[in-house]
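Below you'll find the structure, written out as structure tokens, and then a few comments.
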Amino acid sequence: MKMNFRSTQVLSVGMMVVSLALAGCKGSATTSMIQGVNVSLSSDLQTVNVAVVFASSVQSTLSASYSVGSYGDVFVQPYSATQPFEAGFQINTNIINDQKYATLTPTSVLPNGVTTGIGYPVVQVTSPTLNTNFADFVAYVDVKEGNWLGMAAIFSFATNQYFPADLSLTQVFERDSAGNPEVFASVYGPTDNSDGTLSRNGGIALFANVKELIAAKKLTPGKTASFKAELIPSVSGKNAKALAGKYDEMERLQDVFVGLLNKY
């Protein structure tokens, strides 16, 4: 597992901590910051690429990746004239059959302790150097049911100075026929100690029920499927009331991050 940084200006990724939550907020003038989530399946049905895609107005030069064994990468990809700014993962689905990962302790929560929203535990694959960089990545593998793949990024700047602690805002991009989320992203806040000091930074998470997307024929091998955000994000966690319905505050937070983002 490795971390590669072409830019040390990881602060620019802070935009993701708010812009995802705003992607579906009614009345927000900033909804165009997020185009949606793209999901593509390789022609041999072996590799899936899932990415949150930002609008062309987001021009971060940040590039970072975390290799999940030999199966693929969790990544942040910089903006270019031909490529939008993205964050996501590209993983070979055979990872769910690797017994090395099956022996890891599964988890039902994001790095800040708020539930992932999947409904049952999945394996969390972390870097040995977790919490030593400006940004760290975590990969999630559903070794139990073989349904879900996901990622989370932990950002050193995502402190309670910018984002309320102990909560998660979740944006659904696609649901199955029963109304259950199939593709969703969560922006999660930091975790505080009992004395109010910072315990764990916040970040962003992205999950896709790849097995169900394929079974429902929503993915065509060799092509990309695009999913748009639902109107309103849901809020969970101990401090969920801190942002629930407060779209003006969300927009104020976004303005702070936009200023940082557009410097890099």
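Where a number appears in this text, it was derived from the coordinates with a stated rule and is not lab data. Model, not experiment: these values are computed from the prediction. A quick note on method: Cβ atoms are made from the backbone with ideal geometry, for glycine too, and the neighbour counts reach across all protein chains shown.
Go ahead and run the numbers for FRET between residue 99 and residue 216, Cβ-Cβ distance against an R0 of 45 Å, rounding to 0.05.
On the way: r = 29 Å, r/R0 = 0.64.
It comes out at approximately 0.95.
How large is ³J(HN,Hα), in whole Hz, for each residue of segment 51-57 in order, when computed from phi with the Karplus curve 6.51 cos²θ - 1.76 cosθ + 1.60 and θ = phi - 60°, using x for Gly and Pro?
8, 7, 10, 9, 5, 5, 6
Can you figure out the FRET efficiency of residue 193 with residue 63, using R₀ = 41 Å and their beta-carbon distance, to the nearest 0.05?
0.80
Could you give the radius of gyration (one decimal) and Dmax (whole number) of the Cα atoms in segment 174-235, in Å?
When restricted to Cα atoms, segment 174-235 yields Rg and Dmax of 16.3, 52 Å.
Compute the whole-percent fraction of alpha carbon pairs in segment 44-97 spaced more than 15 Å apart.
49
Can you tell me the length gained on complete extension of the stretch residue 180 to residue 145, counting 0.36 nm per residue apart and subtracting the Cα distance?
11.0 nm
Given a cut-off of 15 Å, what percent of all Cα-Cα pairs of segment 141-215 lie beyond it? Working shown, then result.
Numbers: 1653 of 2775 pairs.
The share of Cα pairs beyond 15 Å in segment 141-215 comes to 60 percent.
Once the other residues with Cβ under 15 Å from the Cβ of residue 146 are scored (Lys, Arg +1; Asp, Glu -1), what is the net sum?
Result for the local shell: -3.
How far is it, in nm, from the label point at residue 247 to the one at residue 43 when both lie 7 Å from their Cα along the line to the Cβ?
For the pair residue 247/residue 43, the computed spacing is 4.5 nm.
Give me the number: length gained by fully extending residue 238 to residue 225, i.e. 0.36 nm times residue separation minus the C-alpha to C-alpha distance, one decimal in nm.
Full-extension gain reported as 1.2 nm.
What do the square roots of 5 times the Cα gyration tensor eigenvalues come to for segment 102-242, in whole Å, largest first, as semi-axes of the equivalent ellipsoid?
So the equivalent ellipsoid measures 27, 18, 13 Å along its semi-axes.
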